[in-house]
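Student: Next up is a structure, given as structure tokens.
The values are calculated or read from the model by the stated rules, or taken from the named source; none is laboratory data. From a predicted model like this one, the values you see are computed outputs, not experimental measurements. Heads up, the Cβs are rebuilt from the backbone with ideal geometry, glycines too, and the neighbour counts pull from every protein chain shown.
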Amino acid sequence: MDDLKSGSNLEKVLKAGHFAFTGECGPPKGANVEHLREKFRHLKGVVDAVNVTDNQTAVVHLSSWAASAIMVQEGVEPNFQMVCRDRNRLAMQSDILGVYTMGVRNMLCLSGDHQKFGNHPQAKNVYDIDSMQLISLVKKMRDEGKFFNDDPIDVPPRLFIGAASNPFAEPYEFRVYRLAKKIAAGADFVQTQCIYNMERFREFIRQANDMGLTEKCYILAGVTPMKSVGMANYMAKQVPGMDVPESLIKRLKGVEKNKVAEEGIRFCLEQIEEFKTMKGVAGVHLMAIEWEHRVPEIAERAGLLPRPVIE
Amino acid sequence: MIVADRKSIHEILDMVKDCSNILVVGCKGCVTVCNVGGLKEVQILAATLKIARKKEGRPLQVDEALLERQCDPEYIAMIQDRVNDYEAVISMACGVGPQFLSEAYPNQRFYPAVNTTFFGGAVAHGIWEERCAGCGTCIIHHFDGLCPIARCSKSLMNGPCGGSDHGKCEIAKTVDCIWDKIVRKKMEQGRLNDLLQVFPAKNWQTARDGGPRRSRREELIQNG
Ligand code: SF4
Ligand code: SF4
């Protein structure tokens with residue numbers, strides 16, 4: 001498989017044409033490595049790669065690169081996330097080299113939530129480059145073996161480059177264009193924002209198929225099981241760019257209180273079933289926020305186990 | 001123009017708490033236009049300071065002056081006869097004013113009465129908004145005259161980010177998402193394809209990141 005860009009497990013699974021399944025894990029707000037290792041163990045063998053979030057929601061957590069390195073030690077493949085909010089291009093390039101030397105092979109490039117949301121709203125933000133430019137930076141490092149300033153790199157990092165796409169943020173008309181831009185910039189795979197509005201997502205994928213985008217890049221559909229009606233309401237109202245249809249909230253409200261979580265998982269499983277046959281969708285990205293221990297069960301019920309092992 | 005807000009009266013009182021006489025200097029430039037540091041505001045500040053100190057039983061003598069601009073040495077020179085007659089001087093100009101004063105009169109103490117905030121303009125009576133961040137290399141011709149550097153909360157050049165919602169920025173419902181406006185304007189004009197190119201990273205050397213900046217106009221520089 002010499003034509004692999006990174007040789008990551010995720011890349012191999014996708015390239016071999018399997019329906020990919022990725023997970024997500026937020027590092028702790030502290031140095032509790034044991035807890036982190038515990039979370040990783042739930043995911044081992046259950047997903048193809050695990051996203052390691054980078055100071056998510058602009059709240060300080062254990063660094064994404066350190067958590068990714070620990071994940072490598074645990075035998076789970078990380079998808080290292082990097083946001084543009086906290087680093088300039090110097091810090092970014094040195095961290096990219098750093099994670100590569102620690103065995104990281106996937107990297108997701110993100111703008112990052114504005115620091116206004118987080119626990120250090122007084123911080124000076126960086127946004128030296130944006131997520132699009134970060135994608136092209138990683139691609140340049142990998143494919144041209146050059147830093148951003150064109151200096152040669154002695155052993156370039158070989159990373160499978162990921163990007164995020166939110167089909168539900170406004171203006172909708174531009175979303176597929178922005179996806180096209182990210183692919184043009186060098187994204188090898190794209191994970192979407194949590195999908196609840198299936199109608200709108202079908203339309204998004206249809207457009208992406210029409211534009212030939214799904215042939216150039218692997219699209220993983222993002223899902224997050226709803227745990228409660230409160231969570232659904234919160235996501236619908238408070239989280240920017242999230243589209244939770246009234247019909248889903250109604251459905252969750254329609255079951256007994258102690259069965260809401262199960263109903264949330266059922267909806268998620270129905271979605272996965274549809275994604276499996278949806279043209280242009282190459283896999284699912286499951287963001288089970290602080291529910292890592294339930295991922296094996298979801299994977300099992302979704303018929304996604306065992307995961308393919310590719311040498 | 002440069003937009004500023006006046007500091008709180010408590011903050012200003014604290015700056016001059018040891019003084020018994022001060023001079024308040026206004027500016028007829030930008031801070032007059034945004035109703036912060038012109039004649040009227042100088043008078044109000046002077047009166048407020050006097051009243052507050054009188055209440056404390058420690059009267060403060062406050063004199064007033066108004067300069068054409070505080071960002072030009074020739075106008076700064078106009079108070080040279082009296083500037084040292086006071087224990088301190090409060091400038092109501094943007095941050096440039098107290099610095100020009102301070103450089104011109106090294107023996108005097110100068111305090112800023114305003115917080116200099118941004119380059120912007122009046123969008124409605126009494127409301128000013130940021131429009132430019134003075135990045136030093138203007139690129140707004142690519143975006144139909146709308147600036148993503150100053151007006152996108154993340155200075156994205158390839159936005160809109162995933163947080164754009166009903167035309168508002170993810171940081172607050174009161175803040176417009178400039179990328180929403182850029183995209184809509186392009187759509188209206190049938191030129192959305194303009195935005196398909198990936199705009200390269202910005203060279204911030206011309207912005208503040210390149211260190212303090214200087215503008216030279218050879219034809220205006222007089223010899224001798
Ligand atoms: S591109 Fe730079 S110079 Fe032009 S309006 Fe924006 S901040 Fe100002
Ligand atoms: S919502 Fe719009 S203005 Fe706010 S950060 Fe995102 S692109 Fe920029």
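Student: Give me a count of the residues in the stretch A:40-54 that are in a loop (DSSP other than H, G, I, E, B) and closer than 16 Å to A:Phe21 by Cβ.
Tutor: So the answer is 5.
Student: How about the stretch A:223-238: which of its residues are surrounded by 22 or more Cβ atoms within 10 Å (Cβ to Cβ) and closer than 20 Å to A:Gly283 by Cβ?
Tutor: If the condition is that a residue be surrounded by 22 or more Cβ atoms within 10 Å (Cβ to Cβ) and closer than 20 Å to A:Gly283 by Cβ, then A:Val223, A:Pro225 are the ones that fit.
Student: In addition: Evaluate the following for A:Ala49: is it in contact with a helix residue (DSSP H, G or I) (Cβ under 6 Å, 6 or more places away or on another chain) and within 14 Å of chain B (Cβ to nearest Cβ)?
Tutor: No.
Student: Output the residues belonging to the stretch B:103-144 that are in a loop (DSSP other than H, G, I, E, B) and more than 16 Å from ligand 2 (Cβ to nearest atom).
Tutor: Passing the criteria: B:Tyr105, B:Pro106, B:Asn107, B:Gln108, B:Arg109, B:Ala113, B:His125, B:Gly126, B:Gly134, B:Gly136, B:Thr137, B:Cys138.
Student: Could you grab me the full set of residues in the stretch A:193-204 that are crowded, with 22+ Cβ neighbours inside 10 Å and in a helix (DSSP H, G or I)?
Tutor: Within the stretch A:193-204, A:Phe201, A:Phe204 meet the criteria.
Student: Also, I was wondering about something else. Name the single residue that is farthest from A:Ala236 (Cα to Cα) among those in the stretch A:202-217 being in contact with a strand residue (DSSP E or B) (Cβ under 9 Å, 6 or more places away or on another chain) and away from every other protein chain (no Cβ under 14 Å).
Tutor: A:Cys217
Student: Please pick out the residue among B:Phe110, B:Phe100 that is of a type outside the set (Gly, Ala, Ser), away from ligand 1 (no atom under 16 Å from the Cβ), in contact with a Cys (Cβ under 7 Å, 6 or more places away or on another chain) and at pLDDT 95 or above.
Tutor: Of the residues listed, the single one that is of a type outside the set (Gly, Ala, Ser), away from ligand 1 (no atom under 16 Å from the Cβ), in contact with a Cys (Cβ under 7 Å, 6 or more places away or on another chain) and at pLDDT 95 or above is B:Phe100.
Student: Take A:Ile183 and tell me if it is in a helix (DSSP H, G or I) and among the hydrophobic types (A, V, I, L, M, F, W, C).
Tutor: Yes; evaluated as a whole, the condition is true for this residue.
Residues are listed down the side, and each one gets a yes or a no for (1) more than 7 Å from chain A (Cβ to nearest Cβ); (2) within 16 Å of ligand 1 (Cβ to nearest atom); (3) among the acidic types (Asp, Glu):
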residue: B:Lys186; (1), (2), (3): yes, no, no
residue: B:Leu192; (1), (2), (3): no, no, no
residue: B:Asn203; (1), (2), (3): yes, yes, no
residue: B:Ala207; (1), (2), (3): yes, yes, no
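Student: State the number of residues belonging to the stretch B:150-184 that are touching a residue at least 24 places away in the same chain (Cβ under 8 Å), more than 10 Å from chain A (Cβ to nearest Cβ) and not acidic (Asp, Glu).
Tutor: 3
Student: Okay, next question. Across the stretch B:158-198, what is the number of residues that are within 10 Å of ligand 2 (Cβ to nearest atom), among the aliphatic types (A, V, I, L, M) and either assigned to a loop (DSSP other than H, G, I, E, B) or more than 19 Å from B:Cys135 (Cβ to Cβ) (or both)?
Tutor: The qualifying residues number 4.
Student: Of everything in the stretch B:124-133 that's away from chain A (no Cβ under 14 Å) and surrounded by 14 or more Cβ atoms within 10 Å (Cβ to Cβ), which residue is farthest from ligand 1 (Cβ to nearest atom)?
Tutor: B:Trp128
Student: Could you go through the stretch A:150-164 and let me know if any residue there is under 21 Å from A:Gly241 (Cβ atoms) and either touching an Asp or Glu at 6+ places or on another chain (Cβ under 9 Å) or more than 10 Å from every other protein chain (Cβ to nearest Cβ) (or both).
Tutor: yes
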